[in-house]
Amino acid sequence: MASEDLRATRIEKLDQLRSIGMNPFAYQWKSTHSMADLQAKYGDLPNGEENDVDVAVAGRIMTRRVFGKLAFFTLQDETGTIQLYLDKNRIQEFMSDRFPEAFANLKQLTDMGDIIGAKGTLKRTDKGELSVYVKEFEMLTKSLLPLPDKFHGLTDITTRYRQRYIDLIVNPEVRETFRRRALITASIRRYLDRDGFIEIETPTLTSEAGGADARPFVTYHNTMDMELYLRIATELHLKRLVVGGFEKVFELGRIFRNEGISTRHNPEFTSIEVYQAYADYNDMMALTETLITTAATEVLGTTEITYQETPINLTSPWKRITMHDAVKDATGVDFAALTDLNEAIAAAKAAGIHNIDDCPSIGKLVNEAFEQKVETTLIQPTFITDYPVEISPLAKPHRSKPGLTERFELFIVGRETANSFSELTDPLDQRERLEAQAARKAAGDLEAQGVDEDFITALEYGMPPTGGLGIGIDRLVMVLTDAPSIRDVIAFPLLKPEKNEDQTPE
RNA sequence: GGGUCGCUAGCUCAGCGGUAGAGCAUUCGGCUUUUAACCGACUGGUCCUGAGUUCGAAUCUCAGGCGACCCA
């Protein structure tokens, strides 16, 4: 039957429900238990036995198995499912004063997808299924559209993302992923809160997009008559707060970058940035380990997990290796020993590094070699430390290694998952570095940063030595929920709208 | 940006140049222990869109749309 006919049939049932005095869109229902509560509390009720404790449940009808004078429904709520045992004699006994044909109404006017409430006692059937032995039922919300195939479910990836609500209804593991995501962010916030950090919200609309190398989204404020940029990082505002005297601050929130979409990139994603005064990047490494292992332990109960069939051991301490050493191990080239750019490029080419002909510095070259030869091999959690200054405009120079900064990135399953520095606190050095960025920007580099004058001014008032840390929440959640695509951990990922042929051009 | 693959009933899929198909769902009938219930009958289509080739196109070609994956 065509889609429109299926809907029309259900609208007809809507009218019939009203005509017998049953509101198809009820106002309220009070359950005594969730499905998980019942399954846990009465897990030991023997087959074929019942009790006389009255319970009330509510949920969506997921399957219906209807006989002449008996029916079994599977009812699903957020926590799980329970079977309804619907016996004609019992329902008529308790409902016929208000609904003379209650059992017939149940058979004729309910469908898969409807949300109903039921009251009754508990009974485990002869076949072993814990069930609510229903005395009374009530329609709470009549569903007008059919759910996907009860056996095959919904697999069409486009529908799953475009109509996530259907995906959530029929795929319990999807609900579990988003539940875990919430538990992970709650765990991180709880840890930081207990450790004395406070969360402060900084602007999403900014006049200068800084704190990272990325193309911003541009928008427009009408009454101020000016362009604004959606933030690409929370870094520069959180540092202003450290200048202002907050010694432990963080923000967990949405970031926007006007870049491509892939299994690892969504234009809007979530990061947490944490800043701790009087700390350095070594302290941040310890904090990173603690935050992630705490979340894994609290949410999954273990730090030994599996990602896409690969065992991942999150138990700290994690491996630490400098970028130069990692590149040397992978390519045999010790870029730290090279001082001439042309020699370095030749050595890199000999090691199989591509697209480096116009590389402007050895620092960039090392990073390119790292991205091409090392990054995807870092499966187990690994801190890569001491990045070249050329690619780290906001990090403090290394206290003992010229040309490098006190910076690390964390890699898990070959993906950058966190980024951290001993923050650059010298305002004069910071200005030089941002002006170099601005020169690149002026030369056409769309990802280069501009000079945020007010941020420099803030630094001139003096920022204490500070450790900063950013973690990509989506990528962390992917690892902890075994999700192959970032879209699997974002409830409503960005998709192009489907073309509407009916729309007339203006 | 380049490549490969996909789009057929509400859902899951088959069909790959000769009448548009199956299972589930829906509708109708039967059934008081089902778990993808079962038995019987029926219904349901812009084969993503457009153009072309052909006696004939879901099928072949071209263009476009949306999506997935891989590469840069």
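The values are calculated or read from the model by the stated rules, or taken from the named source; none is laboratory data. For clarity, every value in this text was computed on a predicted model and none was experimentally measured. Reconstructed Cβ throughout: ideal geometry from the backbone, glycine too, with neighbour counts over all protein chains shown.
Being near RNA strand B (Cβ under 10 Å from one of its atoms), outside any strand (DSSP E or B) and either among the β-branched types (Val, Ile, Thr) or under 26 Å from the mean Cα position of the chain (by Cα) (or both) narrows it down to one of A:TYR161, A:TYR191, so name that one.
On the way: A:TYR191 fails: near RNA strand B (Cβ under 10 Å from one of its atoms).
Among A:TYR161, A:TYR191, only A:TYR161 is near RNA strand B (Cβ under 10 Å from one of its atoms), outside any strand (DSSP E or B) and either among the β-branched types (Val, Ile, Thr) or under 26 Å from the mean Cα position of the chain (by Cα) (or both).
Of the listed requirements (1) in contact with a Phe, Trp or Tyr (Cβ under 8 Å, 6 or more places away or on another chain); (2) farther than 25 Å from A:LYS69 by Cα, A:ASN105 misses just one: (2). When A:LEU147 is tested against (1) within 13 Å of RNA strand B (Cβ to nearest atom); (2) loosely packed, with under 15 Cβ neighbours inside 10 Å, only condition (2) is not met. The range A:210-294 holds strands (runs of 3 or more DSSP E) entirely within its bounds, and those carrying 1 or more residues that are in the same structural domain as A:GLU435 (by TED's automatic domain parsing) and crowded, with 22+ Cβ neighbours inside 10 Å map to A:248-256, A:268-277.
Between A:PHE137, A:PHE72, A:PHE94, the distinction of being within 23 Å of A:LEU38 (Cα to Cα), under 37 Å from the mean Cα position of the chain (by Cα) and either buried (at least 20 other Cβ atoms within 10 Å of the Cβ) or aromatic (Phe, Trp, Tyr) (or both) belongs to A:PHE72 only. When A:ALA369, A:ALA350, A:ALA344 are checked against the criterion of being within 34 Å of the chain's Cα centre (by Cα), farther than 30 Å from A:THR302 by Cα and not assigned by TED's automatic domain parsing to the domain that holds A:ALA286, A:ALA369 stands alone in meeting it. Among the residues of the range A:173-184, is any assigned by TED's automatic domain parsing to the domain that holds A:VAL477, under 18 Å from A:GLY253 (Cβ atoms) and touching a Leu at 6+ places or on another chain (Cβ under 7 Å)? Within the range A:173-184, one or more residues are assigned by TED's automatic domain parsing to the domain that holds A:VAL477, under 18 Å from A:GLY253 (Cβ atoms) and touching a Leu at 6+ places or on another chain (Cβ under 7 Å).
Just one of the listed residues (A:GLU268, A:GLU235) is in contact with a Lys or Arg (Cβ under 6 Å, 6 or more places away or on another chain) and farther than 30 Å from A:SER143 by Cβ, namely A:GLU268. Of everything in the range A:104-120 that is part of a strand (DSSP E or B) and within 36 Å of the chain's Cα centre (by Cα), the residue that is surrounded by the most Cβ atoms within 10 Å (Cβ to Cβ) is A:ALA118.
Being crowded, with 17+ Cβ neighbours inside 10 Å, more than 22 Å from A:ARG10 (Cβ to Cβ) and within 8 Å of RNA strand B (Cβ to nearest atom) is the requirement here; does A:LYS123 meet it?
The answer is yes for A:LYS123.
For the range A:385-418, what are the residues that are closer than 16 Å to A:LEU314 by Cα and of a type in the set (A, V, I, L, M)?
Residues satisfying the conditions are A:LEU410, A:ILE412, A:VAL413, A:ALA418.
For residues that are near RNA strand B (Cβ under 10 Å from one of its atoms) and farther than 15 Å from A:THR74 by Cα, tally how many sit in the range A:105-120. Matching residues across the range A:105-120 total 2. Taking the range A:398-506 as the region of interest, none of the helices (runs of 4 or more DSSP H) fully inside it holds 1 or more residues being away from RNA strand B (no atom under 16 Å from the Cβ), small (Gly, Ala, Ser) and not assigned by TED's automatic domain parsing to the domain that holds A:ARG180. Can you say whether A:ILE353 is surrounded by 15 or more Cβ atoms within 10 Å (Cβ to Cβ) and closer than 22 Å to A:GLU416 by Cβ, as far as the supplied structure shows? Yes; evaluated as a whole, the condition is true for this residue.
Checking A:GLY113, A:GLY68 one by one, the residue that is out of contact with any Asp or Glu (no Cβ under 9 Å at 6 or more places or on another chain) and on the phi > 0 side of the Ramachandran plot is A:GLY113 and no other.
With A:GLY153, A:GLY80 as the choices, which residue is in contact with a helix residue (DSSP H, G or I) (Cβ under 8 Å, 6 or more places away or on another chain), under 30 Å from A:ALA2 (Cβ atoms) and small (Gly, Ala, Ser)?
A:GLY153
For beta carbons closer than 7 Å, sequence separation of 6+ or different chains, a first residue in the range A:345-365 that is at negative phi and a second that is of a type in the set (Phe, Trp, Tyr) and in a helix (DSSP H, G or I), the qualifying pairs are A:ILE362/A:PHE335; A:LEU365/A:PHE335.
Quick grid of which residues meet (1) crowded, with 16+ Cβ neighbours inside 10 Å; (2) touching a residue at least 60 places away in the same chain (Cβ under 8 Å); (3) small (Gly, Ala, Ser):
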| position | (1), (2), (3) |
| --- | --- |
| A:GLU390 | yes, no, no |
| A:THR405 | yes, no, no |
| A:VAL413 | yes, yes, no |
| A:ASN419 | yes, no, no |
| A:ALA458 | yes, yes, yes |
| A:MET463 | yes, yes, no |
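If you scan the range A:18-76, which residues turn out to be free of Cβ contacts under 8 Å to residues at least 24 places away in the same chain, farther than 26 Å from A:ASN171 by Cα and basic (Lys, Arg)? Matches in the range A:18-76: A:ARG18 only.
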